[in-house]
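Read-outs: derived from the displayed coordinates by stated rules, not from any lab. Computed from a predicted structure; not experimentally measured. Here the Cβ is made from the backbone with ideal geometry for all residues, glycine too, and neighbour counts use every protein chain on show.
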Amino acid sequence: MTKAVEWQAMRTVLGSELLVRLLGISSDRSLRRYASDERSTPEDVGARLCWLAMRVVELAGAYDDSGVRLWMQCPRAQLGGLSPQQFLGDDWSPASPEARRVQALA
């Protein structure tokens, strides 16, 4: 999947606001610039985008788009009462222990 396709698919499923928060980027404006290739996607953001795309594909087997959005935002006992979005934090990497726990949960 190319970056442009990943950006579009993740914006469609997660919505811009949630995607901005999950990726830890500064604003919807930055998201639009990366998605349109007006500005190169930073490596760390691209890695998080790819990781999120894989989790969305996994969750899509059991949830529709709305369900995937809720899954990312609902508190989970397995994550100490935090939502996956909260558990990941702002500056996470796909190799982090937090990302591995969310991946296992997905």
**Message:** Quick check for me: using +1 on Lys/Arg Cβ and -1 on Asp/Glu Cβ, what's the dipole size of the chain about its Cα centre, in debye to the nearest 20?
**Reply:** 80
**Asked** What ratio of Cα Rg to 2.2 N^0.38 Å holds for the stretch 1-49?
**Response** 0.96
**Asked** Taking every eigenvalue of the Cα gyration tensor of the chain, multiplying by 5 and rooting it, what semi-axes result, largest first, whole Å?
**Response** 22, 15, 12
**Item:** Length released on extending from residue 40 to residue 64, taking residue separation times 0.36 nm less the Cα-Cα span
**Value:** 5.6 nm
**Item:** Highest average packing first - 94-102, 46-54, 58-66, Cβ atoms within 10 Å
**Value:** 46-54, 94-102, 58-66
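Relative contact order of the stretch 21-106, please, whole-number percent, based on alpha carbon pairs below 8 angstrom and at least 6 residues apart.
Details: 66 pairs, mean separation 25.8, N = 86.
Once normalised by length, the contact order is 30 percent.
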**Complete:** Spelling it out for residue 76: with amide H atoms placed in the peptide plane at 1.01 Å from N, the residues 5 or more places away or on another chain with amide H under 5 Å from its amide H are 81, 82, 83
**Request:** Give a residue-ordered list of calculated ³J(HN,Hα) values for the stretch 95-106 (Karplus: 6.51 cos²θ - 1.76 cosθ + 1.60, θ = phi - 60°; whole Hz; x for Gly, Pro).
**Result:** 8, 5, x, 5, 5, 5, 5, 5, 4, 4, 5, 5
